[in-house]
Every structure is written in C-alpha cells, then in structure tokens.
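Single-structure report; data block below.
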Amino acid sequence: MAAAPVLPASAGPTPEPAPLSEGARIVNTFIAPSKTFTDLRRNANWWGPWILISIFSLVFVYAMNRQVGFEQISKNQIAHSSRADQFDKLPADQQAKQLQLSSKIIGFFAYGSPLMILFYFLIETVVLWATLKVGAGGETSFKAAYATVMYAGLPGIVGAILGIVSLFAGVNPEGFDINNPVGTNLAYYLDPETTGKFVRGMASSLDLISIWTIVLLGIGFACTGKVKRSTAITIVAVWYLIFKLATSALGAM
C-alpha cells in the first residue's frame, strides 16, 4: 500500500520586528530610517525627537544671543528690509525704541522655539497627511503622521550644531542672518547686496538639511501609510517648492 504523500509544512506567520526603544529610533533615523518609521506603526510617540530638537534649538539660541545679540540681529534684519531707508531717517531715540521692541520679539520667539516647533510641525503634518490620504490613498493615522514629521525633523539638529560651531568660531555679528545662519544652502553664498530677494529665497531651497528631511519624510510616509516611496517623496518635494515660492515672493515684496 502506497504511503500517503507528505504535505509540505505551511509557513508560519512572519515574525514581527523587535520593538525599538526611543534611543534606537532616534539613532536609526540617521542610519536605518525604515526601521524607525516602520516602528511608528506599533507606537507613534513623538516626544523623543521633539525634546532632542528643542534642546539643540535652545542651545543655538543661547549661542546666537551670546555671540551676536538680539539687538544686532534686529539691526541686520532692518538693514536688509524694505524699510531700511525709513528707519535711518528716524530720530535716534525712536530707532532705539524700535530696536528694543524688535529685539524682545525676536528673543521671545527664539526662546519659545520648543512650542513653535510643535505648532509648525502640526501645520506641516496636516498638509502632508491630508494630501497623501486624499491624493495617494495613504493609510497613515494622524498621530503616526505627526510622529513621522517629528522624526524626519531630526536632521535639523545637524544644522543647529553647525550653527553653534560657526557662532563660537567667530562669526561676523554684522553679517549674521538669523533666517539663513548656516552655509548648507546656495543662498548663504550669494551677496545680498547684488542678488534679488526672490532669487536668494529660491536659492535657499537648495539646502542639504531640507533635502535630507524631504527624503526622510518620503521614507516615513511610505513605511507608515503604504504609499510608494517615490510618490511620497514627490508630494513632499512639491509642497516644499510651493512653500519656498510663496515665502520668496512675499520676501521680495
């Protein structure tokens, strides 16, 4: 009597990847981002990168105030604005009052950067999450989307470190631009006296940190929302270009 054929054993369920600690997530964002963003499907906490980004942001603000000063930063902004001639015509006491007020405003927003980060990343999340959900059928939850944006913002600490180093290395206070403090983009190397504001604004979009962040966002949304990586990167890049066009146009007015 013939023996019954032996059926191949069915494959077991694919084992889930081991959960990552908060520290491992942060490290992997730089060396193996897919691991970090895949883990967000399990746990979408975002406080780790927010704390780290906030710390480096505040250290940069401290260095900026110590090495340049908010009053000098205010002077630099006025000197390159459309109201420079009007400011120069004011009496000395009125100039001092305006500088004092603008310095306080700059300091308030600078030292309040941890809260501003939460707000700006929230706006960014709403735009990208809605676009990917409607335009590409993304399945990312809003919480996971917010965590994705937060982790993708971690390269910003590299820019902060470069800025801190350049400030303590002896930056020229009169040439310091708070809106473009580090030479990671093309606009940093253009002469503001001979280059139009719109051109410099668009040149600032060619920024290594921003491009790095765009790629991370694309990887992140592809991992959390089952969207093609190329599609996610394209959507993020288009929104970034729209943002730079709008801000460059407003800055040139």
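The values are calculated or read from the model by the stated rules, or taken from the named source; none is laboratory data. Quantities reported herein were computed from a predicted structural model and do not represent experimental measurements. Positions of Cβ are backbone-derived with ideal geometry, glycine not excepted, and every protein chain shown enters the neighbour counts. When the accessible area is computed, the model is the full protein with side chains, heavy atoms only, and any ligands, DNA or RNA have been set aside. Shrake-Rupley method; radii C 1.70, N 1.55, O 1.52, S 1.80 Å.
So for the range 37-50 (the condition being surrounded by fewer than 14 Cβ atoms within 10 Å (Cβ to Cβ) and out of contact with any helix residue (DSSP H, G or I) (no Cβ under 9 Å at 6 or more places or on another chain)), does at least one residue qualify?
yes
With respect to the numbered conditions (1) at pLDDT below 90; (2) touching a Phe, Trp or Tyr at 6+ places or on another chain (Cβ under 9 Å); (3) open to solvent by less than 60 Å² (accessible area, probe 1.4 Å); (4) part of a helix (DSSP H, G or I), which one is the sole condition not fulfilled by F87?
(2)
Give the residue, chosen from S74, S34, that is open to solvent by less than 40 Å² (accessible area, probe 1.4 Å), assigned to a helix (DSSP H, G or I), small (G, A, S) and in contact (Cβ under 8 Å) with a residue 12 or more places away in the chain.
S74 is the lone residue from the list that is open to solvent by less than 40 Å² (accessible area, probe 1.4 Å), assigned to a helix (DSSP H, G or I), small (G, A, S) and in contact (Cβ under 8 Å) with a residue 12 or more places away in the chain.
Pick from L250, L167, L241, L245: which is assigned to a helix (DSSP H, G or I), within 27 Å of G107 (Cα to Cα) and open to solvent by 60 Å² or more (accessible area, probe 1.4 Å)?
L250
Within the range 134-145, can you find the residues that are surrounded by fewer than 21 Cβ atoms within 10 Å (Cβ to Cβ) and in contact (Cβ under 8 Å) with a residue 12 or more places away in the chain?
Matches in the range 134-145: G135, A136, G137, E139, S141, F142, K143.
Which residue is surrounded by the fewest Cβ atoms within 10 Å (Cβ to Cβ), if the candidates are limited to the range 90-113 and must be at pLDDT below 90 and hydrophobic (A, V, I, L, M, F, W, C)?
A92
With the condition kept exactly as written, say whether any residue in the range 117-127 is over 14 Å from the mean Cα position of the chain (by Cα) and assigned to a helix (DSSP H, G or I). Let's see the steps before the verdict.
Kept after step one, since they are over 14 Å from the mean Cα position of the chain (by Cα), are these residues of the range 117-127: 126-127.
Then keep just the ones that are assigned to a helix (DSSP H, G or I); that gives 126-127.
Checking the range 117-127: at least one residue is over 14 Å from the mean Cα position of the chain (by Cα) and assigned to a helix (DSSP H, G or I).
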